[in-house]
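Undergrad: Dropping a structure here in structure tokens format, bear with me for questions.
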Amino acid sequence: MKSFAGKIAVVTGGGTGMGRELPRQLADAGGHVAMCDVSEENMAQTRSLCLARGAKVRVTTHLADVSVERQVLAFRDAVASEHGTDHVDLLFNNAGIGGGGSFVRDDREEWEKTFAVCWGGVYYTSRAFLPLLLKSREAHLVNTSSVNGFWASLGPNSAHTAYSAAKFAVKGFSEALINDFKLNAPHIKVSVVMPGHIGTSIVINSGKILGRDPKEMDDEQIAEARERIERAGFPVGGATNDQIRQALVAIGENFRDAAPMTAAEAAAVILDGVREERWRILVGKDAHVLDRLVRESPEDAYGQPFMDKLQKEASFTLGR
């Protein structure tokens, strides 16, 4: 698929980050876009940005939580109706949240919600839109995994189980579809996207979705946050609850604003990979370095020396 002009693209998580930049760049390339998100306000901003440069394309927004299948099915039906189509050409399973770090110590509800969005959302949306992809003359399914789809860690002092388990599932599913589509739907291509640290609002958005918005956390939640921070190897000493809140806000903002690659740059890499029909799309220098290091020394991937090497070669700063 060398050109997106006139194509119909579906993007999940279209409110912020890569989910905002993918529709913008698709619209600039002449593609029609249907996006879903859990925030109407954020999607409205994305839609305005898509149309700001006068693109003569159709851009629709749909409120849906991808972890809830009935909402995904309603999203699909609304896309078909509002775009007047029996097919779609591109599906970007981009929506995701972070959370549920420890299988042992953290809340089961948060763990399962994280897994449900990051894996269940890919599964439900792929199932729902498969009939429309099958009816396209040429189609492409793009699933966003993560470097945590081949490295289940943020560093030796951090538990990262729910997100990593989900992203491994996305990677395995996508790779299995290579031959499945080749045998049973050869006009559909598939790509798995594995970004490193990209400047998005995932930390901020995840906190809101999981009921851990620092600005609204009560003292009990702050105490739990204090414990998580210290378990990760960041001593907070005698910091007050307000200081902890401020630190959590800063963490989310720094993840977005101080990343080595912007969401716009990441979206461009992804779309180039789709044009080139690459099934494996690594995004960011840190993703490439981490991929190489894990392949070179898989048995050592979860120890401190490995983390030291990663930080030296890729300035990886998300864990310790």
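The values are calculated or read from the model by the stated rules, or taken from the named source; none is laboratory data. Quick caveat, the model's predicted, so the values are computed rather than measured. Here the Cβ positions follow ideal geometry from the backbone for every residue, glycine too, while neighbour counts run over all protein chains shown. Please note that ligands, DNA and RNA were not included when accessible areas were found on the heavy atoms of the full protein model with its side chains. Shrake-Rupley method; radii C 1.70, N 1.55, O 1.52, S 1.80 Å.
Undergrad: Choose one of 197, 181, 211: the residue whose Cα lies farthest towards the positive end of the charge dipole of the stretch 140-223 (beta-carbon charges +1 Lys, Arg; -1 Asp, Glu; about the Cα centre).
TA: 181
Undergrad: Loop by DSSP (not H, G, I, E, B), at most 16 other beta-carbon atoms within 10 Å: where is the longest site-free stretch of the chain for chymotrypsin sites (Phe, Trp or Tyr not before Pro)? Provide the component values of the computation, followed by the final result.
TA: Working: sites that count: 103, 279, 302.
Between exposed loop sites, the widest span is 104-278.
Undergrad: Nearest 500 deg cm²/dmol is fine: what mean residue ellipticity at 222 nm does the chain get from its DSSP H runs of n ≥ 4 alone, each adding -39,500 (n - 2.57), divided by its residue count?
TA: Calculated at 222 nm, the ellipticity per residue is -15500 deg cm²/dmol.
Undergrad: Taking the Cα centre of the chain as the origin, how large is its charge dipole in debye, to the nearest 20, when only Lys and Arg (+1) and Asp and Glu (-1) carry charge on their Cβ atoms?
TA: Charge dipole, the chain, about its Cα centre: 1040 debye, nearest 20.
Undergrad: Which of the listed residues, 142, 122, 104, is farthest toward the dipole's positive end in the stretch 88-230, when Lys, Arg count +1 and Asp, Glu count -1 at the beta-carbon?
TA: Of the listed residues, the answer is 142.
Undergrad: With a cut-off of at most 14 other beta carbons within 10 Å, and DSSP calling the residue loop, which trypsin sites (Lys or Arg not before Pro) in the stretch 103-146 qualify? Please list them.
TA: 105, 135, 137
Undergrad: What do the square roots of 5 times the Cα gyration tensor eigenvalues come to for the stretch 49-188, in whole Å, largest first, as semi-axes of the equivalent ellipsoid?
TA: Whole-Å semi-axes of the equivalent ellipsoid: 30, 18, 14.
Undergrad: Nearest 20 debye, what's the magnitude of the dipole of the stretch 15-106 about its Cα centre given +1 on Lys and Arg Cβ and -1 on Asp and Glu Cβ? Walk me through the intermediate numbers first.
TA: Values: 9 positive and 12 negative charges, 55 e Å.
Here the stretch 15-106 has a charge dipole of around 260 debye.
Undergrad: Over the chain, what percent of the accessible surface lies on carbon and sulfur atoms, probe 1.4 Å?
TA: The value for the chain is 50 percent carbon and sulfur by accessible area.
Undergrad: Suppose R0 equals 25 Å. What FRET efficiency, 1/(1 + (r/R0)^6) with r the Cβ-Cβ distance, do residue 107 and residue 51 give to the nearest 0.05?
TA: Step by step, r from the Cβ atoms, then E = 0.05.
Undergrad: Compute the signed sum of charges (Lys and Arg +1, Asp and Glu -1) over the other residues within less than 9 Å, Cβ to Cβ, of residue 149.
TA: Charge balance near residue 149 sits at +2.
Undergrad: Next up: Mind jotting down a quarter of the surface of the convex hull over the alpha carbons of the stretch 119-220, in square nanometres, one decimal?
TA: For the stretch 119-220, averaging the hull's shadow over all directions gives 8.4 nm².
Undergrad: Here is a follow-up. Tell me the trypsin sites (Lys or Arg not before Pro) within the stretch 46-93 that lie in a loop according to DSSP and have at most 10 other beta-carbon atoms within 10 Å. Working shown, then result.
TA: Working: sites: 47, 53, 56, 58, 70, 76; in loops: 53, 56, 58.
Qualifying residues, ordered by number: 53, 56.
Undergrad: Roughly how many Å² is the accessible area per residue of the chain, as a whole number, for a 1.4 Å probe?
TA: 46
Undergrad: From Cα pairs below 8 angstrom and at least 6 apart in sequence, can you work out the relative contact order of the chain, rounded to a whole percent?
TA: 18
Undergrad: Further question: Could you order 89, 218 by accessible surface area, starting with the largest, using a probe radius of 1.4 Å?
TA: Reading off the accessible areas and sorting them downward yields 218, 89.
Undergrad: Hey, another quick one. Can you give me the three principal axis dimensions of the stretch 209-320 from its C-alpha atoms, in Å, biggest first?
TA: The Cα atoms of the stretch 209-320 stretch 50, 32, 21 Å along the principal axes, largest first.
Undergrad: Next question, about the same structure. Take the alpha-carbon centre of the stretch 246-315, take the same for the stretch 176-222, and report the distance between them in whole Å.
TA: After rounding, the separation between the Cα centres reads 14 Å.
Undergrad: Stretch residue 187-residue 292 to full length: gain in nm at 0.36 nm per residue minus the Cα-Cα span?
TA: 34.7 nm
Undergrad: Please enumerate, by chain and number, the lysines with C-alpha under 19 Å from the C-alpha of residue 189, excluding those fewer than 8 residues away in the same chain.
TA: Cross-link targets: 2, 7, 135, 171.
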